[in-house]
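Comments concern the structure below.
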Amino acid sequence: MRLHVADHPLIAHKLTVLRDVTTPSPVFRQLTEELVTLLAYEATREIRTEQVEIDTPIARTTGVALAEPRPIVVPILRAGLGMLEGMTRLLPTAEVGFLGLQRNEETLQAFTYANRLPDSLSGRQCYVLDPMLATGGTLVAAIEYLFERGAQDVTAVCLLAAPEGLRLVQDSIGDRADVQIVTASVDERLNEKGYIIPGLGDAGDRLYGVVD
Ligand code: URA
């Protein structure tokens, strides 16, 4: 597993506003999109391209285009949806899949309740969107799911990560495949309820409000 903590003053600034408990949902959603676009820039540094010949108004030249098969972006429902717009702004031609994984709040184990993904992900670069890498259970389950469909190249974009979650991903995935985590910050630790400290609270609730 490779970890990339994006170190940029604009990222730190936007993240600080996201963390602030007084930031309302509309601002939180907007800033999440902006932050993800900045993280996506780092996350796609190794995106595959191929050479193409084009004509400018002046001359023929060689450039690059995204290679086939197209990359796939996989937001983890529900909070990952809040990251989709920010990611596809940078990668408008990517395919979009969905994975519904939920955490059992007592056991903290992740289970799949929905998916929409191509049967084969062989040769595809996969970008998983999950705002909070907390215990790591959800992300490990998502990555395993993608592996089962043939993925070998997975990048997870997370707003925040906890050391406990990073350890679980490292221990579970090891060097079986090329897995990269791109995040704006590695926070201190988890609390007894599995929330990241200092974190930003429940990302889904902050994006979409509390569902009773
Ligand atoms: N999920 C969240 O939304 N927030 C946390 O702090 C941990 C998991």
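Laid out as a table, the results:
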| read-out | value |
| --- | --- |
| Order by protection proxy (mean Cβ within 10 Å, highest first), peptides 157-166, 65-74, 9-18, 128-137 | 128-137, 157-166, 65-74, 9-18 |
| Calculated over the chain: convex hull of Cα atoms, volume per residue (Å³) | 135 |
| Extension reserve of the V96-S122 stretch, reckoned as 0.36 nm per residue once the Cα distance is removed | 7.8 nm |
| Distance between modelled label sites at E106 and E148, nm, 7 Å Cα→Cβ extension | 2.4 |
| For the chain: relative contact order, % (alpha-carbon pairs under 8 angstrom, 6 or more apart) | 24 |
| Extreme residue, positive dipole direction of the chain, given options V140, V157, L38 (C-beta unit charges) | L38 |
| Computed [θ] at 222 nm, helices only, for the chain once each DSSP H run of length n ≥ 4 contributes -39500 (n - 2.57) | -10000 deg cm²/dmol |
| Low-density loop cleavage sites - trypsin sites (Lys or Arg not before Pro) in the range 138-212, where at most 12 other Cβ are within 10 Å (DSSP) | R176, K193 |
| Net charge, I72 excluded, C-beta distance under 9 Å - Lys, Arg +1, Asp, Glu -1 | +1 |
| Which of G82, C126, H4, positive extreme of dipole for the chain (C-beta unit charges) | G82 |
| Unit charges on C-beta of K, R, D, E only; dipole of the range 2-208, Debye | 220 |
| R176-R29 pseudo-label distance in nm [points 7 Å out on the Cα-to-Cβ vector] | 3.6 |
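Since every read-out is calculated from the coordinates, none of them should be taken as a lab result. Quick caveat: nothing in here was measured; it's all calculated off a predicted structure. Positions of Cβ are backbone-derived with ideal geometry, glycine not excepted, and every protein chain shown enters the neighbour counts.
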